[in-house]
Amino acid sequence: MDMGKNVLPFWPIDEFWNERMKDPQFVAALQEMEPEFQAAREVLRLRLAQGLTQKELAERIGTKQASISRLERASYKPNLGFLQRVAAALNARVEIRFVSREQPR
């Protein structure tokens, strides 16, 4: 079957990721977004551990399911108040730390 010229070639994700990590601008952007990624991972982990859907969590804090989805995708920077409401609904608390940039991750 001729796939034609409109089909993108398959590029394994690990090769793609390794190539992107060679780009200093990409790495800097990734590091800048790490707090959003951390929040997303923790909210998702806690929500799933409690057997909640995004909609159920949203109802607990009086927001829409789309807000929880955006938070879990790390597609925006949530404010501290929103994170505190989410944490309370998950029977958790928000903890903020400042870490020296010189310390290894």
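Read-outs: derived from the displayed coordinates by stated rules, not from any lab. Just so it is clear, the structure is predicted and the values come from calculations on it, not from any experiment. Glycine gets a Cβ as well: all are built from the backbone with ideal geometry, and neighbour counts include every protein chain shown.
Observations
- Full-stretch length increase - Ser100, Trp11 - with 0.36 nm per residue and alpha-carbon distance subtracted: 28.4 nm
- Subtracting the Cα-Cα distance of Arg70 and Leu30 from their residue separation scaled by 0.36 nm leaves 12.7 nm.
- Rounded if a/c under 1.5, otherwise prolate or oblate - the chain, Cα gyration tensor axes: oblate
- Exposed-loop-free span, longest in the chain, where chymotrypsin sites (Phe, Trp or Tyr not before Pro) count as exposed if DSSP calls them loop and at most 13 other C-beta atoms lie within 10 Å: 11-75
- Using a Förster distance of 30 Å, the FRET efficiency for Asn79-Arg20 (Cβ separation, nearest 0.05): 0.55
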